[in-house]
Amino acid sequence: MKLLILNGPNLNLLGKREPEIYGTQTFEQYFENLKEKYKQVDLSYYQSNSEGALIDKIHEVGFSYDGIVMNAGAYTHTSVAIADAISGINTPVIEVHISNVHKRESFRHHSFLSPVCKGVILGFGLQSYELALQSFISA
Ligand code: DQA
């Protein structure tokens, strides 16, 4: 099973960025633990701060991978173009967020991506990513 974790803008700063919201672990550390735990899965990771690069990655894997776990960061709330990219591929996408965006500012309450994703997992810290992976693995 081929799965991709796709992170959007500012998520390269995890561990340093607003640790009271996003925790103190870097994503690289967390990803190594996931790879170790889910050895049966062909698991890859890509992060970009650029909307176009994220769309290119969705196009690249979206006809051959079994699933994408995507945290689009702030693009979640702004990007019709990422929503269109998700609509245009065959691979199912699960939207994840580290924080519970519904507990936060109102501009974070709307997602352009949720209507075109298989499901949404949010508010469980970094564990949101693992829950999404488990959902693909047990499907
Ligand atoms: C986030 C929530 C977004 O509102 C924010 O812009 C992020 C991170 C999260 O994982 O909680 O960058 O997607």
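Suppose every Lys and Arg Cβ carries +1 and every Asp and Glu Cβ carries -1, with no other charges. What dipole size does segment 2-138 come out with about its Cα centre, to the nearest 20 debye?
On the way: 11 positive and 14 negative charges, 48 e Å.
So the magnitude is around 240 debye.
Each residue of segment 18-33 was assigned a 3J(HN,Hα) from its phi angle through the Karplus curve 6.51 cos²θ - 1.76 cosθ + 1.60 (θ = phi - 60°); the sequence is 5, x, 5, 9, 10, x, 10, 8, 6, 5, 4, 4, 4, 5, 4, 4 Hz, with glycine and proline shown as x. The trypsin sites (Lys or Arg not before Pro) of segment 23-93 meeting both criteria, a DSSP state outside H, G, I, E and B (loop) and at most 10 other C-beta atoms within 10 angstrom of the site's C-beta, are Lys39.
Pick from His97, His109, His77: which residue has the top mean-square fluctuation in a GNM of the chain where Cα pairs under 10 Å get a spring? It is His109. Estimated from helices alone, the mean residue ellipticity of the chain at 222 nm is -9500 deg cm²/dmol (sum of -39500 (n - 2.57) over DSSP H runs with n ≥ 4, per residue).
Tell me whether segment 1-110 comes out rounded, prolate or oblate; compute the Cα gyration tensor, take square roots of the eigenvalues as a ≥ b ≥ c, and use a/c under 1.5 as the rounded threshold. Walk me through the numbers on the way to the answer.
On the way: a/c = 1.89, a/b = 1.10, b/c = 1.72.
Since a/c reaches 1.5 but b/c is at least a/b, the shape of segment 1-110 is classed as oblate.
Pairs of lysines in segment 1-92 whose Cα atoms sit within less than 21 Å of one another amount to 5, provided the residues are eight or more positions apart or on different chains. Close amide H pairs (under 5 Å, H built 1.01 Å from N) link Leu122 with His97, residues at least 5 positions away or on another chain.
Rounded to whole numbers, the Karplus 3J(HN,Hα) couplings from phi for segment 43-58 are 10, 10, 9, 9, 10, 8, 8, 10, 4, x, 5, 5, 5, 4, 5, 4 Hz, using 6.51 cos²θ - 1.76 cosθ + 1.60 with θ = phi - 60°, and x at Gly and Pro.
Computed from backbone phi with θ = phi - 60° and the Karplus coefficients 6.51, -1.76 and 1.60, the 3J(HN,Hα) list for segment 80-89 is 5, 5, 5, 4, 5, 5, 5, 4, x, 10 Hz; x is used for glycine and proline. The shape of segment 78-139 can be summarised by an equivalent ellipsoid whose semi-axes, obtained from the alpha carbon gyration tensor, come to 19, 18, 7 Å from longest to shortest. The stretch between Asp42 and Ser106 holds 19.4 nm of extra length on full extension. This uses 0.36 nm per residue minus the Cα-Cα distance.
Find how much the distance from Lys35 to Ser114 grows on full extension, using 0.36 nm per residue of separation minus their present alpha carbon separation; answer in nm with one decimal. Numbers along the way, then the final one.
Numbers: separation 79, 0.36 × 79 = 28.44 nm, distance 2.63 nm.
Contour length minus the Cα-Cα distance gives 25.8 nm.
Pairs of Cα atoms nearer than 8 Å and 6+ residues apart set the relative contact order; for segment 2-138 it is 26 percent. Annotation: amide H-H contacts under 5 Å for Ser79 (H modelled 1.01 Å from N, sequence separation of 5 or more, or interchain): Phe112.
Here, each number is a calculation from the coordinates, and none is a lab measurement. Everything numeric in this text was worked out from a predicted model, so none of it was measured. Because the Cβ atoms are built from the backbone with ideal geometry, glycine has one as well, and the counts that use them run over all protein chains shown.
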